[in-house]
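Chemist: Take a look at this one; I'll ask things after.
The values are calculated or read from the model by the stated rules, or taken from the named source; none is laboratory data. Since the structure is predicted, the reported quantities are computational estimates derived from the model, not experimental observations. Note that each Cβ is placed from the backbone with ideal geometry, even for glycine, and that neighbours are counted across all protein chains shown.
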Amino acid sequence: MTGVRCLRVRVTGRVQGVFFRDSTRREAERLGVTGWVRNRPDGSVEALIRGNEPQLAAMRAWLAHGPPAARVDAIEAMEIDCPESPPRDFRVTG
């Protein structure tokens, strides 16, 4: 994948108990990005997303609103170094 970058994203609001993680996985698969998504103990959702710039922009835009039952209050995204052993798919973890 040319121009691959990685983002670590944290989404806050009503994002647990509303199928946010599974919906994120489906959107990631649709867009062709790899990585993972998980719930955090503080009630937020965290994700690692690996893809090219258009894919990352589309994924970030989707995360800004999430699935219909969610209410996203804020999204924080930080570019990070991609792991040496990149994920081959997108998974729900934790």
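Chemist: Of everything in region 80-94, what is modelled with pLDDT of 90 or more and under 20 Å from N39 (Cα atoms)? Give them in sequence order.
Modeler: Selection gives I80, D89, F90, R91, V92, T93.
Chemist: Moving to a separate point now. Give region 35-94 a look and list any residue that's of a type in the set (D, E) and part of a helix (DSSP H, G or I), or say none. So that I can check it myself, show each step before the final result.
Modeler: Taking region 35-94 and keeping what is of a type in the set (D, E), we get 42, 46, 53, 73, 76, 79, 81, 84, 89.
Scanning region 35-94 gives a single hit, E53.
Chemist: State yes or no: is D22 surrounded by fewer than 13 Cβ atoms within 10 Å (Cβ to Cβ) and assigned to a strand (DSSP E or B)?
Modeler: Details: surrounded by fewer than 13 Cβ atoms within 10 Å (Cβ to Cβ): yes; assigned to a strand (DSSP E or B): no.
Considered against the rule, which asks whether it is surrounded by fewer than 13 Cβ atoms within 10 Å (Cβ to Cβ) and assigned to a strand (DSSP E or B), D22 comes out as no.
Chemist: Something else about it: Can you name the residue in region 22-47 that is touching a strand residue (DSSP E or B) at 6+ places or on another chain (Cβ under 7 Å) and among the polar types (S, T, N, Q) and is also farthest from R10 (Cα to Cα) among such residues?
Modeler: T34
Chemist: Let me ask you something else. Please verify whether G3 is crowded, with 17+ Cβ neighbours inside 10 Å, more than 12 Å from the chain's Cα centre (by Cα) and at positive phi, treating the condition exactly as stated. I'd like the intermediate steps shown before the answer.
Modeler: Numbers: crowded, with 17+ Cβ neighbours inside 10 Å: no; more than 12 Å from the chain's Cα centre (by Cα): yes; at positive phi: yes.
No, not satisfied.
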